[in-house]
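Report on the following structure.
Rule-based calculations on the coordinates, nothing more; no lab input. What you see is a predicted model; the values in this text were computed from it and never measured. In this analysis, Cβ positions are derived from the backbone assuming ideal geometry, glycine residues included, and neighbour counts consider all displayed protein chains.
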Amino acid sequence: MTETSNGNRIYTVRQLTEAIQTLLEERFDFVWVEGELSNFRSPVSGHYYMIIKDEAAQIRAVMFRPQIRYLRFVPEDGMKVIAQGRISIYPPRGEYQIVLDYLEPLGVGALALAFEQVKKKLAEEGLFDPHIKKPLPFLPKKVAVITSPTGAAIRDFLKIVQRRFANIEIVIVPVRVQGDQACEEIVSALDLVNRELAMDVIVLTRGGGSLEDLWAFNQEMLARAIRASRVPVVSAVGHEIDVTISDLAADVRAPTPSAAAELLAAEKETLVQRLNQYHTRLVSAIGLAIKRRGDELNRLRNRIQDPKKRLSSLWMRLDEVHSRLMRRMDQVIQQRRDRLASEVRTLRLHSPMNRIRYRRQQLDFQARRLMAAMQAKLRDMAMNRSILERRMTDLSPLSVLRRGYSITLTWPERQVVRSASNIEPGSGVQVLLGEGELTCRVESVKP
């Protein structure tokens, strides 16, 4: 720290920030503030960052993970809250903020808000859908009751089961039903029953209480454990007006522990009376059915005829059918014979030998025509050849030479001589005649 020439102190930014931080923390060590949440975010660190504002101002706020564990709800933007904390400075940005130790919604309890949030979330996921819930077996033989072994709920449950149907085997799985560790114990008990106990039904129960007393049955973890159970789960928590998350997630909800016992154990006397009614109705129905069958048998006996009369009619019918069949067979045979004779005549008319003779006559006729045509063609071709030979002879250079002309060629080049100026005296020439050749030497040239 330095001073000016006038004796004024000069702070560094850090020194000034630390001085302001000290003043604020000493002056506002414990404050309550009311406002509306905005810009709420929860990064991977697990801390909550938000802004608390009203119509005229705003302040940044942070709640660190150790304090978040005690929150019963998840903050949301637009939520009116009352917060308690201490004012602090965040030196890297030079901003003041409130470090929260406590937070609750304004106008509604934190537990009530947390209940609605969990209820809404699980409903959107479909954990409360009726079609995924398992039916209860009729007269289950083994029932696991997850509850406090010293509470009034288990006493009421056992009393009613003993009175209505004592044959049901009850296995009590003791857990705490209130407090911070209660939910974890109930979830572990559900897992234990599913893994190691062959039960027909699981009952979750406890007596009534405030929303805070029943909070162990309002947590998301328990709802998911109930839906993951292979054994049907009955939830009987609190009084009839109390509705918990476990009630909504369970396969069946009973309004009270006593109602759960009545739901599972039908009265033995009622069952015996119903069985007697079924027995009476069954005996009466069987007797009535036997009487109807006897009447039907008598009616059929009266309708039965003497077998000999029936056989006589059948024999006569058989003879008649036999006669008709023989007549029909004779008709069919005669028709087949007539048709066969017609086919024979047609076959003879179209015999292959006739067709062969006809084709041979045609072949001989065509052969004679072909030979005549070939001989005429040969005569025409011989005549044409004679004409062409005479024409070729008349046009041949040898014919011209035979009339006294000759062709002179240079020797030994054998080039045709067309002008006397192309030959010099003393050079050799070859003369082609009509018959033979001459080799000569030029004595003189006259152009």
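Among 114-123, 11-20, 226-235, how do they line up from the highest to the lowest mean number of other beta-carbon atoms within 10 Å?
Values: 114-123: 16.2, 11-20: 12.4, 226-235: 20.0.
Output ranking for 114-123, 11-20, 226-235: 226-235, 114-123, 11-20.
Please determine, in degrees from 0 to 90 and to the nearest 10, the orientation of helix 110-125 with respect to the longest principal axis defined by the Cα atoms of the chain, where the helix direction is its Cα long axis.
20 degrees
Separation between the S210 and E240 pseudo-spin-labels, each 7 Å from Cα along Cα→Cβ, expressed in nm?
About 2.5 nm separates the two model spin labels.
Once both labels are modelled 7 Å past Cα along the beta-carbon direction, what's the L433-L16 spacing in nm?
Spacing of the two 7 Å Cα→Cβ label points: 14.6 nm.
The range 331-400: Rg/Rh from Cα coordinates, Kirkwood Rh? Let's see the in-between values first.
Numbers: Rg = 30.0 Å, Rh = 17.8 Å.
Ratio of gyration radius to Kirkwood radius for the range 331-400: 1.68.
To test your reading of the geometry: what angle, between 0 and 90 degrees and rounded to tens, separates the Cα axis of helix 268-303 from the longest principal axis of the chain?
The two axes meet at around 40 degrees.
For the range 2-107, what class follows from the C-alpha gyration tensor (a ≥ b ≥ c being the square roots of its eigenvalues): rounded when a/c is under 1.5, otherwise prolate if a/b is larger than b/c, else oblate?
Here the range 2-107 falls in the prolate category.
Quick check: residue separation of M353 and A341 times 0.36 nm, minus the Cα distance between them. What number comes out in nm?
Working: separation 12, 0.36 × 12 = 4.32 nm, distance 1.98 nm.
Extra length from M353 to A341 when fully extended: 2.3 nm.
Hey, what did the range 61-157 get for relative contact order, percent, Cα under 8 Å, at least 6 apart?
Relative contact order here is 24 percent.
How high is the relative contact order of the chain, given as a whole-number percent (alpha carbon pairs under 8 Å, six or more residues apart)?
Averaging sequence separation for qualifying contacts and normalising by length gives 8 percent for the chain.
About its Cα centre, how strong a charge dipole does the chain have in debye, to the nearest 20, once Lys and Arg get +1 and Asp and Glu get -1 at the Cβ? All intermediate terms of the calculation are to be shown ahead of the outcome.
Numbers: 68 positive and 53 negative charges, 1340 e Å.
Roughly 6440 debye for the chain.
Just M63, M50, M316 to compare: in a GNM of the chain, with alpha carbon springs under 10 Å, which one fluctuates most?
Greatest mean-square fluctuation among the candidates belongs to M316.
Out of these labelled values of Cα extents along the principal axes in Å, (i) 89, 69, 40; (ii) 70, 43, 40; (iii) 157, 144, 44, which was calculated from the coordinates shown here?
(iii)
What number, in percent, do you get for the relative contact order of the range 164-298 if the mean sequence gap of Cα pairs under 8 Å and at least 6 apart is divided by its residue count?
Working: 163 pairs, mean separation 29.9, N = 135.
Over the range 164-298, the number comes to 22 percent.
Using the alpha-carbon atoms, what tilt in degrees (0 to 90, nearest 10) does helix 182-196 show relative to the longest principal axis of the chain?
Taking the Cα atoms of the chain, the angle to 182-196 is about 50 degrees.
Starting from the Cα-Cα distance between T280 and R441, subtract it from 0.36 nm times their residue separation and give me the gain in nm to one decimal. Spell out each step's value before the answer.
Working: separation 161, 0.36 × 161 = 57.96 nm, distance 16.08 nm.
Here the answer is 41.9 nm.
Tell me, in nm to one decimal, what length is gained between L158 and R368 on full extension, where the rule is 0.36 nm per residue of separation less the Cα-Cα distance?
Full-extension gain reported as 62.9 nm.
Testing the spin-label approximation: label points 7 Å from Cα along Cα→Cβ at N39 and V62. State their distance in nm.
1.3 nm
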